[in-house]
Amino acid sequence: MDQGSGQIRKTDLTYELKQAMLLEQLTLEHIHDFHRWISNKPAVAYSLSAFLPDRDLEWSSRYLKQIISDPDSWSQVITFNQANIGFCGLSQISETNRCAEYFILIGDTECWNRGLGTEAGRFVLDYGFSILGLNRIWLTVSELNLGARRSYQKIGFVAEGVMREACCRDGLFHNKLVMGLLRREWDPPLRKR
């Protein structure tokens, strides 16, 4: 939050994370990476429904333009060992309600189970609570996505509710969980190490 004005300010920052990781602003220059990530079927199995059908580069470009032009979003590329492996950030940022939705997609599945998403998530939370002055950050996750759920719990998210049969994959319905984290419950990254 901008001190004194009460206004939320989004800034373009590059975060240096542990394990040779960086977070930097998602731009149109990342279109080929973005298209590769959303074309990876295991990576998007429990992600946005919009990513499930096969999409061409033109569709991906239009979608990416929507993401980066949304004034209520803050989207970052996750770089590991100098390779772009996914994206994360906050959407639906509400200045009035001081809340936002957390999102992440590690599109390179060979980078799963290394703690990279968890580490990126800690810094997204840091940005949301420390820079934007948010009070609540929330997300939805497929009940079947156990790896994501563990990662979210590690960074402090708690289950708040169940959206019954809100997701259909391979012809089967399953639940989505709503998870949230309040500023007063948050443990900043520097204290976690």
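Return yes when Arg149 is open to solvent by 10 Å² or more (accessible area, probe 1.4 Å), basic (Lys, Arg), part of a helix (DSSP H, G or I) and touching a residue at least 60 places away in the same chain (Cβ under 8 Å) and no when it is not.
Judged against the criteria, Arg149 is not a match.
Among the listed residues Leu177, Leu146, identify the single one that is modelled with pLDDT of 95 or more and closer than 16 Å to Tyr46 by Cβ.
Of Leu177, Leu146, the one residue that is modelled with pLDDT of 95 or more and closer than 16 Å to Tyr46 by Cβ is Leu177.
For segment 106-122, how many residues are of a type in the set (A, V, I, L, M, F, W, C) and surrounded by fewer than 22 Cβ atoms within 10 Å (Cβ to Cβ)?
2
Is it the case, given these coordinates, that Ile137 is touching a residue at least 40 places away in the same chain (Cβ under 8 Å), in contact with a Leu (Cβ under 6 Å, 6 or more places away or on another chain) and surrounded by 20 or more Cβ atoms within 10 Å (Cβ to Cβ)?
yes
Test each condition in (1) open to solvent by less than 70 Å² (accessible area, probe 1.4 Å); (2) modelled with pLDDT of 95 or more for Val162 and report the one that comes out false.
(1)
The values are calculated or read from the model by the stated rules, or taken from the named source; none is laboratory data. The structure presented is a predicted model; accordingly, all values stated were derived computationally and were not measured. Neighbour counts run over all protein chains shown; Cβ positions are idealised from the backbone, glycine included. Surface areas here come from the heavy atoms of the whole protein model, side chains and all, with no ligands, DNA or RNA. Shrake-Rupley method; radii C 1.70, N 1.55, O 1.52, S 1.80 Å.
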